[in-house]
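Take a look at the structure set out below.
What follows draws every value from the coordinates through simple rules; no lab data is involved. Keep in mind it's a predicted model, so treat the numbers as computed, not measured. Cβ coordinates were reconstructed from backbone atoms using ideal geometry, including for glycine residues, and neighbour counts include every protein chain displayed.
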């Protein structure tokens, strides 16, 4: 703006007057300076078109802008601006207007629905009036929502809360926001994040016990059932005797829509148990034969050697039986070996479950 000590010509009218609402308590005005000498600007305001007061709301402004902070929410204001110099006040600019907004009404019909162990979905009916966004407030007790929103700047009427903890009940309220600020809260809605769970059990018609001979494989058919869970389930098998191998099922990935999942557990038994038992029986037979020999015969080295050779021949025959078919093995009166195996299923954020299996090797 050009400032001069004196002028013989009044300024022309400012142009391009714009009124912009900044908040519920402020309207900003800007305009383009007129040609000629200007010593200040006057701003005129009214609440009806063409009804600006003859008394300016601001005078002597040195710049081509003004912040009107004496406004009332819900009121429409009309403005003109005139430039002045030492020759007088020039004509008024074109009129500009703005409506100071009121805070929005409360959203209605808020609902909360638990979708999984990690998500609760909210929806509501839009507030009336001017709305620029919504804020969601959350707590863990009725009426205990935090003053800090869990989500803000939402432009739609839905929100998916994915920062929940399984099994926890949450309470929600929503408010609408515009330039005037945040409106009142909606009704309160609540939901409990679903608690995921696992279960593992024998398949229909299957057993949790099996009897096999050494070297055979025992197979157990199980069923995994999940509730409200999304993720990968891993399995483990423990408790197999030394020499036996328990093969756990491969990991499976499930969602809340996944039905019961069949899993198979196999245990490969070792053949060494039968040989060991037969060897033990053979040694016992050797010891018994030695004990029943007459005293004088024990001193005879040749007799002793012959006795040992006969015993080891017998053990060789016994071991041959142990390495043969299961039918040959069943003829030995070995002591059955009973083991309890444990199959476990686990996943992130869910309690581990187990199933006991009984394996008999004879």
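Could you work out how far the C-alpha centroid of the range 192-224 sits from that of the range 225-271, in angstrom?
Measuring centre to centre over Cα atoms gives 8 Å.
Could you compute the FRET efficiency for residue 49 and residue 192, with r as their C-beta to C-beta distance and R0 at 56 Å, rounded to 0.05?
0.50
In nm, to one decimal, how far is the residue 89 label point from the residue 356 one, both placed 7 Å along Cα→Cβ?
About 9.9 nm separates the two model spin labels.
Any idea what diffusion coefficient the range 199-254 gets from Stokes-Einstein, in µm²/s, Kirkwood Rh on alpha carbon pairs, 25 °C, 0.890 mPa s?
Estimated via Stokes-Einstein, D reaches 184 µm²/s.
Would you list 117, 97 from fewest to most Cβ contacts within 10 Å?
97, 117
At a Förster radius of 56 Å, what calculated FRET efficiency corresponds to the Cβ-Cβ distance of residue 209 and residue 62, to the nearest 0.05?
That pair, residue 209 with residue 62, gives E of 0.05.
Provide 207, 344 in ascending order of the number of other Cβ atoms located within 10 Å of each residue's Cβ, fewest first.
With the fewest neighbours first, 207, 344 line up as 207, 344.
Between residue 346 and residue 69, what FRET efficiency follows from the Cβ-Cβ distance if R0 is 35 Å, with the result rounded to 0.05?
After rounding to 0.05, the efficiency reads 0.05.
Neighbour counts of other C-beta atoms within 10 Å: give me 79, 41, 66, 185 arranged from fewest to most.
185, 66, 79, 41
Using alpha carbons only, how many angstrom separate the centre of the range 36-53 from the centre of the range 82-138?
Answer, in whole Å: 28.
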